[in-house]
Amino acid sequence: AMKFSGYLKVRIGEAVGLQPTRWSLRHSLFRKGYQLLDPYVTVSVDQVRVGQTSTKQKTNKPTYNEEFSATVTEGHQIELSVFHDTPIGYDDFVANCTLHFQDLLRSAAPSDTFEGW
């Protein structure tokens, strides 16, 4: 498997179509059966967190436009995860996506950017 060493810049634009979690539904006091999330996105390279967006309040379509940079040594994959910011205990997992550097490098010229998830 191809590994990546170099400078990584990730821009988190927006998330769309996020689904309420069981926790958020259980704590929904108002509109029954539907609950807006307080979502944030984490960026990890090989399980090491290199960035985290701010939390957006009460939305299942958050817009972030936040950028993160990291120096990567022999990286295998990038993972983007969405969490619901809960007031107590662990934050609630909503969704995630893993991108392999190998796939990104294979499909890109050195100056290319990748837009996917």
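The values are calculated or read from the model by the stated rules, or taken from the named source; none is laboratory data. Note that the coordinates shown come from a computational prediction; the quantities given were computed from them, not determined experimentally. Keep in mind that these areas ignore ligands, DNA and RNA; they rest on the heavy atoms of the full protein, side chains included. Shrake-Rupley method; radii C 1.70, N 1.55, O 1.52, S 1.80 Å.
Listed values for segment 60-71 are Karplus-derived 3J(HN,Hα) couplings in whole Hz (6.51 cos²θ - 1.76 cosθ + 1.60, θ = phi - 60°), namely 9, 9, x, 10, 10, 6, 10, 10, 10, 10, 8, 8, and x replaces Gly and Pro. Amide H contacts under 5 Å for G13: N65, restricted to partners 5 or more places along the chain or on a different chain, H placed in the peptide plane at 1.01 Å from N. Sorting D38, D46 by accessible area puts them as D46, D38; the probe is 1.4 Å, largest comes first, and only protein heavy atoms count.
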